[in-house]
1. Determine, for each peptide in 423-436, 11-24, the mean count of other beta carbons within 10 angstrom over its residues, then list the peptides with the highest first.
2. Please compute the net charge surrounding residue 551, taking Lys and Arg as +1 and Asp and Glu as -1 over other residues with Cβ under 12 Å from its Cβ.
3. Taking 7 Å along the Cα-to-C-beta vector as the label spot, tell me the residue 189-residue 219 distance in nanometres, rounded to one decimal.
4. Using 0.36 nm times the number of residues separating residue 480 and residue 434, minus their current alpha carbon distance, what extension gain do you get?
5. Where the only charges are on Cβ atoms (+1 Lys, Arg; -1 Asp, Glu), what is the dipole of the chain about its Cα centre, to the nearest 20 debye?
6. Over the range 282-352, what relative contact order in percent results from Cα pairs under 8 Å that are six or more residues apart?
7. As an exercise, identify the GluC sites (Glu not before Pro) in the range 125-228 lying in DSSP coil whose Cβ has no more than 16 other Cβ atoms within 10 Å.
8. Quick check: pseudo-label points 7 Å beyond the Cα along Cα→Cβ at residue 181 and residue 464, how many nm apart are they?
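The values are calculated or read from the model by the stated rules, or taken from the named source; none is laboratory data. Just so it is clear, the model here is predicted, and its values are computed rather than measured. Cβ atoms come from the backbone with ideal geometry, glycine included; neighbour counts cover every protein chain shown. Just the protein is used for accessible areas: all its heavy atoms, side chains included, with ligands, DNA and RNA removed. Shrake-Rupley method; radii C 1.70, N 1.55, O 1.52, S 1.80 Å.
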Amino acid sequence: MTENIKWWQKAVVYQVYPRSFQDADGDGIGDLKGIEQRLDYIEKLGADVIWLNPIYSSPDKDNGYDISNYEDINVKFGNMLDFDRLLAKAHDKNIKIVMDLVVNHTSDQHDWFIESRSSKDNDKRDFYIWRDPVNGHEPNNWGSFFSGPAWKFDEKTGQYYLHLFVEGQPDLNWKNSEVRQAVFDMMNFWVDKGIDGFRMDVISLISKPDGLPDGEVPDGGKYGNSDKAVANGPHVHEYLQEMRQQVLNRADMMTVGEASGVDIPNAIKYANSDSSELNMVFQFEHMGLDNNPNPALGKWYDKKVSLISLKENLSKWQNELTDKAWNSLYWDNHDQPRAVSRYGNDSEEYRVISAKMVATLLHFMQGTPYVYQGEEIGMTNAYNLQREDFDDVEIKNAFKYLIDKDHLVDEDTMLKYVHAKGRDNARTPMQWDSTENAGFTTGKPWIKLNANFKKINVSQALADPDSVFYYYQKLIKLRHELAIITTGKYQLLDPDDAQIYAYRRVGKDEQLLVINNFTMQTIDRDYDVPAGAEILISNYNDDAGRSLRPYEAKVYRFANN
Ligand code: GLC
């Protein structure tokens, strides 16, 4: 690919989790005005796009992913005027804003659901998925993604409703054309405001399989695996094509679908190059490689991923989407632990160097990279949070079901797993400086800070020319300047090397050789580097040739011969 590069194929996205970014009014919760105050910082980093996690009205059962009014702003974050001003100010700086779109489910406090639940013959009854009990139990064996059953019995009408996430997140019935129309109208409200795109929450789950059949129950598990049973349902592509016609074609937007359970053939459909559906998806396979070997425990585990399986997986996505669809590139987001802790080494000695290595590996791949707030300063997992400190409903439910109810694991082990994988690792407040509450708020923060904020913070990073921040800044600049990072063909080297991840990006006239040492040892390796090759970027200040130092990352650039 060389011609017809779309703007979002050269862009780098910066994800802002508003609740934890910057609090401007001292209530302990980040807000829109706070983001506005920090736009200069995002501009300095060089990101092209901000993805905002949900900012709509919500009872916050799942931190804003349970929306009670799609066309209004959560009062905790401000109001619509604050949003309009933020959008205008971002646009003044040539930064685009992509909104989170959460339409697999609403909140149980949304008017549609309040009506739907009021009686069996209400107009909105069929907006959600209601079923009679089967033998006095749930209609099928589906489990919620956040532990426990995916059905809730509603006394008033004697039926169950489906909630693939928490009880306060009833699933919409996309089979109903009125639901689709209501969603498209709402999206058009935001398009008319001039937003630049949508990140679509769990969009691979909107079309449920006909007849809602039971899912396979993993060994030792209690419920059917909803991902396998529900993802990529029979009508999902049709619904997205309809959305494309009714909404997405109205402006030159960027769309990324969060697609749990997506495989390559489906990703190629969702993100096909002819743009009949979305521009790209977030796939989850690489996020599942360090899952617990006991499927009943799912993601809850604390062992590091094997480099060989990571290479195999990321290379598959690089190779098989080439010229057919577009990748998104991410390690971190509000649902994942911190990249440096997960893939690098967050000890004092190696944090900075390994955070840069982990970044190098991802940022030279083909796709659109996403940087999650704090990743660019090497923020780490929050090991100081204890059971009573966690806010996340997924973590709380895991304690409740997996320990207290199902006895699958003991509390100490679970705490280790949460420190490795829990979502609150990403949700502790952004660490701006070493003053009280890390400069995040003058009030009481809604969630505990990571105890290491005095050492790891933006003001420290900006003062140090060797910081992780300036390395990310350079990675972003290189992507903007060198077409080969967007267009070059990916070629993995040495798939069986368990210590070094090396690959090439090959263009018409030149190529890049990207080398990453995943270990804290010095390792010798010979790569075919022509004399005179330029080092484009490295996390060490000199080149030791074939000797690769702990967590060393370097990228050579040279002409094809
Ligand atoms: C997505 C979001 C996550 C949320 C879930 C349910 O996975 O990223 O934060 O809890 O969907 O909406």
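1. Going from most to least packed, we get 11-24, 423-436.
2. +1
3. It is 5.0 nm.
4. Full extension from residue 480 to residue 434 adds 13.3 nm.
5. 820 debye
6. 24 percent
7. Of the GluC sites (Glu not before Pro), the ones in loops of the range 125-228 whose Cβ has at most 16 other Cβ atoms within 10 Å are 155, 216.
8. 5.8 nm
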